[in-house]
Amino acid sequence: MSRMLLILGLLLTGQARAAAPTSTLVEVTFVDAQVVTGAPELGSFPAQVDTVAQTAGGRCAKSEFVVWDTIPGRETRFREVLGSLGYTYTALNTSDAPGQHVVAFQARNTAGALAGIWADVDGTTLLGWCRVQLAPAASASKVPATQTSAAPTNFQPGQRVLVKSFSVTNEATVRAVQGGGYLVHYEDTNVPDGVVAASDVLPFNPGPTQGGPPPGTYQCWLPIYEHTYMGTFSLAQGTYAYQTGTKGNGRYRYDERSRVVTFQGGPLDGRTAEYTNTAQNGPVIQVIFPRGRRVGDVQNCLLRSAGN
């Protein structure tokens, strides 16, 4: 969680709450809340909400920011209200730390989509969300015939793939060939298993991962909140050293077939990670925490300086 939100929580805790302001996005009222849309203290938070909207497949068309005193069960009630309005809620990323609980989410119904961030920080709850202007799906009729290519239809059960949804792709594993498409299990979002069209399934390429992640220094960040630094560790041959917070040393092993890194001893003891090395991002170790990838409980650790 960013320092900005910690400061925001302190600034807003003492402000008076309106009895029941009405949302400008959906037909609900917020009990004992205050709408703080446009407050300068929000800083970069609106940009972070727009990043979530991009993950949901578009951009923020209209945004709203609301603050309450934190009450247990309020987040659950929020989800229930969205459900009563016909929205299907999906958590895209979750992060928990002492005194902090942050969820990036999307909610969809037949009329459109919402996206936002729910943050409980030191006794204050901040909701930043927006109506999403979804990006139009690419029209096949606008693509010259010379540029089209047949979608792969030979993916096999157990194979990792990418599934397109508007402008977003998600990692998934093929469960079965079914109904002219593929039954897939999503690996990086808790969207239920479902059948997708073959034209929306692309090959997954983790890049050259033979031999495992190279020695060097890795900096870790939350995947949604790209400015949220989480820690640094360095890798040597078979050993690692965690350099922030609870510092310590341990060992790691790499399974080349699954691309899985397993940490033993030290602050990351028992944690697993997946290694990719794409042309776009270079070597990345995605450390997986107890809630798992499907709810976004991960950190992306990027190689910042190569070692010996």
message = Tell me whether the range 228-240 contains one or more residues that are modelled with pLDDT under 95, part of a loop (DSSP other than H, G, I, E, B) and among the polar types (S, T, N, Q).
response = yes
Condition met for Gly245 (at pLDDT 95 or above and in contact with a Gly (Cβ under 8 Å, 6 or more places away or on another chain)) = no
key: Residue in the range 203-218 that is nearest to Gln286 (Cα to Cα), counting only those that are open to solvent by 60 Å² or more (accessible area, probe 1.4 Å) and under 23 Å from the mean Cα position of the chain (by Cα)   = Asn205
task = Considering every residue within the range 88-96, establish whether at least one is more than 20 Å from the chain's Cα centre (by Cα) and either open to solvent by less than 30 Å² (accessible area, probe 1.4 Å) or at negative phi (or both).
result = no
task = Using the structure shown, decide if Val49 is at pLDDT 85 or above, within 27 Å of Gly292 (Cβ to Cβ) and open to solvent by less than 50 Å² (accessible area, probe 1.4 Å).
result = yes
query = Of all residues in the range 52-74, which are in a helix (DSSP H, G or I) and either without any contact (Cβ under 8 Å) to a residue 40 or more places away in the chain or open to solvent by less than 30 Å² (accessible area, probe 1.4 Å) (or both)?
reply = Val52, Ala53
In the range 219-233, the residues that are open to solvent by 30 Å² or more (accessible area, probe 1.4 Å) and in contact (Cβ under 8 Å) with a residue 24 or more places away in the chain = Gln219, Trp221, Pro223, Glu226, His227, Met230
task = Would you tally the residues in the range 239-259 being open to solvent by less than 40 Å² (accessible area, probe 1.4 Å) and either closer than 18 Å to Gln219 by Cα or acidic (Asp, Glu) (or both)?
result = 7
request  = Return yes or no: is Trp129 farther than 15 Å from Ala61 by Cα, aromatic (Phe, Trp, Tyr), open to solvent by less than 40 Å² (accessible area, probe 1.4 Å) and part of a strand (DSSP E or B)?
outcome  = no
query = Is there any pair with a first residue in the range 278-290 that is in a strand (DSSP E or B) and a second that is of a type in the set (Lys, Arg) whose Cβ atoms are under 8 Å apart and which are 6 or more apart or on different chains, and what are they?
reply = Gln286/Arg293; Val287/Arg271; Ile288/Arg271
inquiry  = I want to confirm something. Restricting to the range 7-42 and keeping residues that are part of a helix (DSSP H, G or I) and either out of contact with any helix residue (DSSP H, G or I) (no Cβ under 8 Å at 6 or more places or on another chain) or open to solvent by 40 Å² or more (accessible area, probe 1.4 Å) (or both), which single residue is modelled with the highest pLDDT?
reply    = Pro40
ask   = Of the residues in the range 187-202, how many are open to solvent by less than 30 Å² (accessible area, probe 1.4 Å) and either within 20 Å of Arg294 (Cα to Cα) or touching a Lys or Arg at 6+ places or on another chain (Cβ under 7 Å) (or both)?
value = 4
task = Being modelled with pLDDT of 95 or more, farther than 25 Å from Asp193 by Cβ and over 16 Å from the mean Cα position of the chain (by Cα) narrows it down to one of Thr262, Thr272, Thr278, so name that one.
result = Thr262
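The values are calculated or read from the model by the stated rules, or taken from the named source; none is laboratory data. Since we're looking at a predicted model, the values are computed, not measured. Neighbour counts run over all protein chains shown; Cβ positions are idealised from the backbone, glycine included. The accessibility values were calculated without ligands, DNA or RNA, using every heavy atom of the protein model including side chains. Shrake-Rupley method; radii C 1.70, N 1.55, O 1.52, S 1.80 Å.
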